[in-house]
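The values are calculated or read from the model by the stated rules, or taken from the named source; none is laboratory data. None of these values were measured; they are calculated from a predicted model. Quick reminder, even Gly has a Cβ in these numbers, built from the backbone with ideal geometry, and neighbours come from all protein chains shown. Ligands, DNA and RNA are stripped out before the accessible areas are found, and what is left, the full protein with its side chains, is counted by its heavy atoms. Shrake-Rupley method; radii C 1.70, N 1.55, O 1.52, S 1.80 Å.
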Amino acid sequence: MSIEVRGLNKKFGDFVALDDVDVTIPTGQLTALLGPSGGGKSTLLRIIAGLEKGDSGSVNIEGTEATHLPPQKRNVGFVFQHYAVFKHMTVAKNVAFGLEIRKRPKDEIEHRVQELLKLVHLSQFSHRLPSQLSGGQRQRMALARALAVEPTVLLLDEPFGALDAKVRKELRDWLRRLHDDVHVTTVFVTHDQEEAMEVADEIVVINEGRVEQVGTPDQLYDEPANDFVMSFLGEVTHLGGVSLRPHDVEVESSPHHAGSIEGTVSRLVRIGFEVRLTVLTVDGEEVSVVLTRTHARALGLEEGSTVFLTPAAGATVIPRMAVAG
Amino acid sequence: MVSTSTPTKWALRAVAVGYVFFLVAWPVGLLIRRTFEGGLTNLTDALTDSNVVSALALTGKVAVAAVLINLVFGVTISMLLVRYDFPGKRVLSALVDVPLSVSPVVVGLALVLVYNGRDGWLGTGLEDNGISVIFATPGLVMATCFVALPLVIREVVPVLTEIGDEQEQAARSLGANAPQTFWRITLPSIKWAVVYGVVLSLARSVGEFGAVKVVSDNVAGKTQTATLSVEKSYQNFAQGEAYAIAFLLVMVCVASLIVVALLRPKVHD
Amino acid sequence: MSAALTGATIDTAGPASPQGGRTRRTTPRNTLTPGAGVGLGLAMIWFSLLVLLPLSAIVARAASGGWSQYYTVLQNPQTWNAVQLTVTQSLVVTLINVVVGTVIAWVLVRDRFWGQRLLNVIIDVPFALPTVVAGLVLLGLYGPNSPIGVEWAFTPNAVTLALAFVTLPFIVRTVQPVLEELDTDVEQAAASLGASRPTIFRRIILPSLVPAIASGAALSFARAISEYGSLVLLSGNRPNQTEVVSVRVLSFIENGNYSSAAALASVMLFIALLVIVVLDIVQRRVARRG
Ligand SMILES: Nc1ncnc2c1ncn2[C@@H]1O[C@H](COP(=O)(O)OP(=O)(O)O)[C@@H](O)[C@H]1O
Ligand SMILES: [Mg+2]
């Protein structure tokens with residue numbers, strides 16, 4: 001096991017940023033720390049890197065007790081949201097920095113820098129200053145710089161957060177492919193669940209300084225531990241005491257199933273191939289439902305129609321009691 | 001932008017230009033003209049007078065020493081104020097500004113009270129060990145350090161704050177220790193602010209008069225600085241010499257202004 | 001030239017300024033590492049030896065004589081006249097600077113004319129010029145045999161002149177950047193709503209300039225009451241007529257009367273401290289307003 005965090009606590013003044021966090025991050029995988037802004041993801045990542053100190057608890061990196069090691073002794077690569085490029089150095093000098101600190105021979109450094117710049121597709125920019133690069137290029141340079149020192153683990157704090165949507169998507173795919181080539185244990189922070197689901201092998205959901213759940217994207221989606229995880233990974237609605245996804249609500253025009261709940265369509269919106277309903281049940285609940293256009297036409301739905309709702313067979317359903325704090 | 005009417009515009013222009021012309025431009029121009037009234041004789045006479053030469057040399061020596069001390073102290077304090085947290089930080093950041101609003105004469109008096117050899121708090125002890133501060137070069141350096149103290153800090157602090165510490169953190173995570181991070185990352189990023197602060201300090205140090213006058217016994221050839229010799233020459237009716245030394249001091253200041261003007265855009269890029 | 005000299009107090013408390021619309025995290029506050037601790041220790045020792053201890057010595061020396069000493073010193077008519085002259089002239093000069101300094105800043109920012117850049121550079125000359133040289137320079141135009149027939153040297157007017165010279169840049173250099181940053185859209189909006197030019201100036205522009213003018217005025221006043229060098233040659237230091245507080249302190253020192261010098265100096269220190277506090281408050285209020 002590559003990174004083990006045990007009983008980690010961190011306060012800023014009175015504010016609890018991390019509350020008794022235990023996480024194990026597997027070797028060689030791409031792990032996402034996912035959660036809403038302000039949840040403590042960056043704080044956790046920075047403590048792993050040694051850029052911040054926990055109040056109590058321990059951090060172990062690849063079998064080395066790292067809790068009290070300064071950042072420069074941890075051999076981690078860190079990539080910052082705003083790139084943290086060395087503005088006064090050329091692209092090549094930026095990438096070479098860690099190797100120069102380690103006093104590697106000149107020709108080795110040069111060779112390695114060329115190799116890395118090729119890997120991140122920046123070979124032709126090696127003599128430029130960072131100010132002459134685009135945001136996406138700067139972040140690729142920062143990544144090459146972090147990889148240059150062959151870190152035990154690569155930590156990325158919202159690496160694509162400052163980029164526009166299109167570049168973000170490109171870099172996301174590129175990171176996944178890069179990881180498949182390089183296989184360094186990688187942890188990246190994101191608040192975008194789509195990004196996490198698409199890229200990560202494993203996701204750690206963090207909210208209000210606590211770990212809510214750890215699992216593969218499928219596990220989190222299909223077996224959410226609680227209401228918070230469920231709602232953070234996709235839309236959620238409530239029907240008869242359970243939480244479930246709107247597309248997992250079965251709609252019928254007559255009560256075929258036992259225990260189906262009667263309601264009236266109060267709103268109907270067609271968006272492309274789907275139809276979104278708001279149903280007001282006889283119990284006074286507002287339920288959101290998503291179904292295909294074809295299905296809705298077959299049922300002859302319109303605003304004011306009476307419908308009967310049941311959770312679909314095999315749907316992910318959790319009792320509403322488990323509402324996360 | 002809302003334009004002003006033409007008469008108002010011309011009136012404002014006239015006030016601004018007229019005021020500056022009569023208060024600064026014309027008087028400074030006159031000084032230069034009077035320096036060269038007899039050709040180069042004023043300058044050559046002054047530069048062959050051993051007292052003047054030693055005054056200029058003393059000023060140079062004192063200014064360089066004071067600037068170096070303020071450079072090291074200023075960069076250290078700036079790093080501490082911006083990058084670290086410690087008790088009393090707010091008070092310290094207010095206190096380093098104090099020298100800007102203390103009268104130079106009061107600065108001199110303050111140093112005399114502590115460092116004079118007769119009854120100074122520390123001066124008597126130092127004197128017993130053969131170290132004179134007041135009426136000697138160390139006192140001149142201290143007085144100059146005092147008045148120019150905040151200049152480097154005031155230039156460096158905003159730039160340090162502005163660049164943030166992410167670059168430093170990146171360097172740390174790449175294996176650099178604290179000194180390596182400072183020399184390779186922090187210092188290059190604040191380089192122009194430091195140079196700028198040094199130029200300002202130099203101009204201030206070369207020109208200091210009041211504080212230096214109090215801690216110096218004004219002995220020509222020994223503790224008389226260039227500014228002190230301007231006063232002395234003028235009072236001794238050696239006006240040509242006073243003009244010549246003043247002219248040289250003005251040249252130093254003009255050079256500083258030019259350096260600063262050239263650096264300005266770079267500081268903000 | 002001016003940032004270092006005219007800025008009010010050093011602000012280390014604020015977060016790093018946002019750049020290009022994105023907000024950067026505030027600099028985390030590290031507790032002292034051993035290396036930084038040693039640096040702080042050494043810096044504090046030097047700062048104490050250079051600044052804190054000497055300034056305390058003045059206060060201690062002044063306090064050793066008790067209130068009666070203050071009374072005796074200030075009661076002396078010559079001293080009292082010096083205090084009055086200094087304060088009055090400093091106020092007059094600060095007032096002149098408020099008006100003329102704002103006009104100059106305005107002309108530098110909003111006007112375009114030949115020689116403007118030169119004007120901008122000349123504004124800094126009084127900062128760069130050694131004070132004793134400033135006095136010498138003014139003697140040329142306003143001394144005996146004045147080419148324009150204004151022989152103000154050795155009269156109270158000489159004090160005004162010298163103080164105006166050395167404080168010229170303060171308000172110009174505090175107001176100028178604010179004026180440059182001012183959003184002209186607001187003025188155009190006001191104009192489109194039918195406001196006249198004087199109204200726009202009074203209601204829109206002036207209020208944004210007030211904090212800058214105030215802090216420039218405070219700095220200029222502080223500098224004026226503590227001025228010494230430029231007066232030495234120009235004012236003649238005639239007791240009860242052109243003698244300012246700094247000169248008075250110096251003559252106490254030269255007579256070996258350190259206690260009276262310290263008493264008078266401590267009054268000046270107190271005023272200096274007051275100015276710093278006022279500036280800090282002004283700056284804090286402005287910062288809060290954003
Ligand atoms: N240096 C700091 N000082 C004070 N509070 C901080 C600091 N860093 C983070 N915080 C607070 O801790 C909480 C968690 O922050 P962070 O770990 O950055 O969250 P995330 O990365 O999940 O958005 C936030 O409320 C933030 O305001
Ligand atoms: Mg974050």
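Here's a check for you: in the range C:104-118, which residue that is facing chain B (nearest Cβ under 7 Å) and buried (at least 20 other Cβ atoms within 10 Å of the Cβ) is farthest from the chain's Cα centre (by Cα)?
Only one residue fits best here, namely C:Val107.
Could you go through the range A:212-231 and let me know if any residue there is touching a residue at least 24 places away in the same chain (Cβ under 8 Å), within 16 Å of ligand 2 (Cβ to nearest atom) and under 29 Å from A:Tyr83 (Cα atoms).
no
Among the residues that make up the range C:262-284, is at least one of them among the polar types (S, T, N, Q), more than 9 Å from chain B (Cβ to nearest Cβ) and without any contact (Cβ under 8 Å) to a residue 60 or more places away in the chain?
Checked against the condition, which is being among the polar types (S, T, N, Q), more than 9 Å from chain B (Cβ to nearest Cβ) and without any contact (Cβ under 8 Å) to a residue 60 or more places away in the chain, the range C:262-284 yields no hits at all.
Tell me which residues, restricted to the range A:150-160, are open to solvent by less than 10 Å² (accessible area, probe 1.4 Å) and of a type in the set (Val, Ile, Thr).
Within the range A:150-160, just A:Val153 meets the criteria.
Those residues that are open to solvent by less than 30 Å² (accessible area, probe 1.4 Å) and either without any contact (Cβ under 8 Å) to a residue 40 or more places away in the chain or aliphatic (A, V, I, L, M) (or both), I need them from the range C:84-103; list them, please.
Scanning the range C:84-103 gives C:Leu85, C:Val93, C:Val100, C:Val103.
Could you tell me whether A:Lys87 is without any contact (Cβ under 8 Å) to a residue 24 or more places away in the chain and either within 16 Å of ligand 2 (Cβ to nearest atom) or in the same structural domain as A:Pro151 (by TED's automatic domain parsing) (or both)?
Considered against the rule, which asks whether it is without any contact (Cβ under 8 Å) to a residue 24 or more places away in the chain and either within 16 Å of ligand 2 (Cβ to nearest atom) or in the same structural domain as A:Pro151 (by TED's automatic domain parsing) (or both), A:Lys87 comes out as no.
I'd like to know if the range A:198-205 contains one or more residues that are part of a helix (DSSP H, G or I) and closer than 30 Å to A:Ala148 by Cβ.
yes
Test A:Ile47 against the stated conditions and say whether it is open to solvent by less than 40 Å² (accessible area, probe 1.4 Å) and either within 12 Å of ligand 1 (Cβ to nearest atom) or not assigned by TED's automatic domain parsing to the domain that holds A:Arg177 (or both).
When the stated conditions are applied, A:Ile47 passes them.
Please specify each residue of the range A:27-44 satisfying the condition of being in a loop (DSSP other than H, G, I, E, B) and more than 12 Å from ligand 1 (Cβ to nearest atom).
Of everything in the range A:27-44, those that are in a loop (DSSP other than H, G, I, E, B) and more than 12 Å from ligand 1 (Cβ to nearest atom) turn out to be A:Thr27, A:Gly28, A:Gln29.
Is there any pair linking a residue in the range A:27-39 that is within 14 Å of another protein chain (Cβ to nearest Cβ) to one that is near ligand 2 (Cβ under 9 Å from one of its atoms) and open to solvent by 40 Å² or more (accessible area, probe 1.4 Å), with Cβ under 8 Å and at least six apart or on different chains, and which?
Final answer for the pair search is A:Ser37/A:His191.
So which residues in the range A:174-198 are surrounded by fewer than 20 Cβ atoms within 10 Å (Cβ to Cβ), under 14 Å from the mean Cα position of the chain (by Cα) and away from ligand 1 (no atom under 14 Å from the Cβ), if there are any at all?
The answer is A:Arg176, A:Glu194, A:Met197, A:Glu198.
Looking only at the range B:87-121, filter to residues that are among the charged types (D, E, K, R) and within 9 Å of another protein chain (Cβ to nearest Cβ); which one of those is most open to solvent (accessible area, probe 1.4 Å)?
B:Arg90
Please find, within the range A:61-82, the residue that is surrounded by the most Cβ atoms within 10 Å (Cβ to Cβ) out of those that are within 16 Å of ligand 2 (Cβ to nearest atom) and more than 8 Å from every other protein chain (Cβ to nearest Cβ).
Here the residue is A:Val79.
Looking at the range B:14-53, which of its residues are touching a Pro at 6+ places or on another chain (Cβ under 9 Å), over 13 Å from C:Ile104 (Cβ atoms) and open to solvent by less than 50 Å² (accessible area, probe 1.4 Å)?
Of everything in the range B:14-53, just one residue is touching a Pro at 6+ places or on another chain (Cβ under 9 Å), over 13 Å from C:Ile104 (Cβ atoms) and open to solvent by less than 50 Å² (accessible area, probe 1.4 Å), namely B:Leu30.
Identify the residue in the range A:5-39 that is open to solvent by 10 Å² or more (accessible area, probe 1.4 Å) and within 13 Å of ligand 2 (Cβ to nearest atom) and, among all such residues, is farthest from B:Arg172 (Cα to Cα).
Here the answer is A:Pro36.
For the range B:122-198, which fully contained helices (runs of 4 or more DSSP H) count at least 3 residues that are among the hydrophobic types (A, V, I, L, M, F, W, C), within 14 Å of chain A (Cβ to nearest Cβ) and surrounded by fewer than 22 Cβ atoms within 10 Å (Cβ to Cβ)?
Fully inside the range B:122-198 and qualifying: nothing.
If you take just the helices (runs of 4 or more DSSP H) that sit entirely in the range C:135-225, which of them hold at least 3 residues that are open to solvent by less than 40 Å² (accessible area, probe 1.4 Å) and touching a Ser or Thr at 6+ places or on another chain (Cβ under 6 Å)?
Where helices (runs of 4 or more DSSP H) fall fully within the range C:135-225 and carry at least 3 residues being open to solvent by less than 40 Å² (accessible area, probe 1.4 Å) and touching a Ser or Thr at 6+ places or on another chain (Cβ under 6 Å), they are C:156-181, C:206-225.
Filter the range B:231-247 down to the residues that are buried (at least 24 other Cβ atoms within 10 Å of the Cβ), more than 9 Å from chain C (Cβ to nearest Cβ) and among the aliphatic types (A, V, I, L, M) and list them by number.
The answer is B:Ala244, and nothing else.
Any residue at all in the range A:52-60 that is assigned by TED's automatic domain parsing to the domain that holds A:Ile206 and within 16 Å of ligand 2 (Cβ to nearest atom)?
yes
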